[in-house]
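For reference, the structure discussed in these notes is given below.
What follows draws every value from the coordinates through simple rules; no lab data is involved. Because the structure is predicted, anything quoted here is derived from the model rather than measured. No Cβ is skipped: glycine too gets one built from the backbone with ideal geometry, and neighbour counts run over all protein chains shown.
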Amino acid sequence: MTKIRSICVYCGASDAVDPRYIKLAEALGRELAKRGIRLVYGGGGVGLMGACARAAHDASGEVLGIMPRFLLQKERIYKDVEHRIVDDMHTRKQMMFDEADAFIVLPGGIGTLEEAVEILSWARLGLHAKPMAFLDEDGFWSPFFELLERIIEGGFIPEEFRQAMVHSKTSSDAIEALLDRVVVLDI
Ligand code: AMP
């Protein structure tokens, strides 16, 4: 049976962004809560990450935040939801991966890009088959998908790799696309 229990969201931690991005993160948080899907995220109260987690929590959704100790103050850990404090970034990233059935990438900066690309590189190495959706309303991730086309055209990754990821405009479309791709044993 196909079912997603948890989705890990990668997104920007900056507060200095266009409010439209914050709204998109809130909409995703609400959509996850509505569907009974747990949000797994970096644990912070800032930027899109805080907006998504607060919206999910306010809509009675389940949230797990995973925060490395050295970022507790900088990313202002959101304590109203279940959270785990870990020793380092590596442990955080591994735990976020382990706790998720699929991934959604919202607009973000270097950290967001790094997290998403690391998960894609693990898929490329055959270490997992968890799908990833990139979510934006304004084509934020389009240049990244153009780069991927260049990479595929250049023969660096096979065409089938496109199946590992989707590009969606709404939270609902992103989750539906992931549901089409994920296989989790319902036990
Ligand atoms: P940013 O997209 O740069 O706003 O960062 C979003 C999130 O990614 C924040 O929670 C950062 O702690 C995290 N982050 C920043 N740098 C890295 C990195 N090198 N690897 C993994 N996560 C990171």
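The table that follows gives values for the structure above.
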{"quantity": "Set of aspartates and glutamates near residue 3 by C-alpha distance (under 20 Å), chain-local residues within fewer than 8 positions excluded", "calculated": "31, 62, 98, 99, 101, 173, 176, 180, 186"}
{"quantity": "Added length on full extension, which subtracts the Cα-Cα distance from 0.36 nm per residue, residue 20 to residue 113", "calculated": "31.5 nm"}
{"quantity": "Only Lys, Arg (+1) and Asp, Glu (-1) charged, at Cβ; segment 49-187 dipole about Cα centre in debye", "calculated": "460 debye"}
{"quantity": "The chain - mean residue ellipticity at 222 nm from DSSP helices (-39,500 (n - 2.57) per run, n ≥ 4, rounded to 500)", "calculated": "-13000 deg cm²/dmol"}
{"quantity": "D_trans [Stokes-Einstein, Kirkwood Rh over alpha-carbon pairs] for segment 23-116, 4 °C, 1.567 mPa s, µm² s⁻¹", "calculated": "100 µm²/s"}
{"quantity": "Tensor-based shape of segment 67-156 (alpha-carbon gyration tensor, a/c under 1.5 rounded, otherwise prolate or oblate)", "calculated": "prolate"}
{"quantity": "Estimated distance in nm for a label pair at residue 173 and residue 90, the labels positioned 7 Å out from Cα along Cα-to-Cβ", "calculated": "3.9 nm"}
{"quantity": "Geometric extent, Cα atoms of segment 121-185 - Rg, Dmax (angstrom)", "calculated": "12.5, 36"}
{"quantity": "Overall form of the chain per C-alpha gyration tensor (a/c, 1.5; a/b vs b/c)", "calculated": "rounded"}
{"quantity": "Residue 137/residue 70 FRET efficiency (R0 30 Å; Cβ-Cβ; nearest 0.05)", "calculated": "0.35"}
{"quantity": "Listed residues 62, 75, 159, most fluctuating in the chain (Gaussian network, C-alpha, under 10 Å)", "calculated": "159"}
{"quantity": "Around residue 36: net Lys/Arg minus Asp/Glu count, Cβ-Cβ under 12 Å", "calculated": "+3"}
{"quantity": "Violating pairs (Cα-Cα greater than 22 angstrom) within the set 79/169; 23/169; 23/93; 34/93; 79/130; 34/74", "calculated": "79/169; 23/93; 34/93; 79/130; 34/74"}
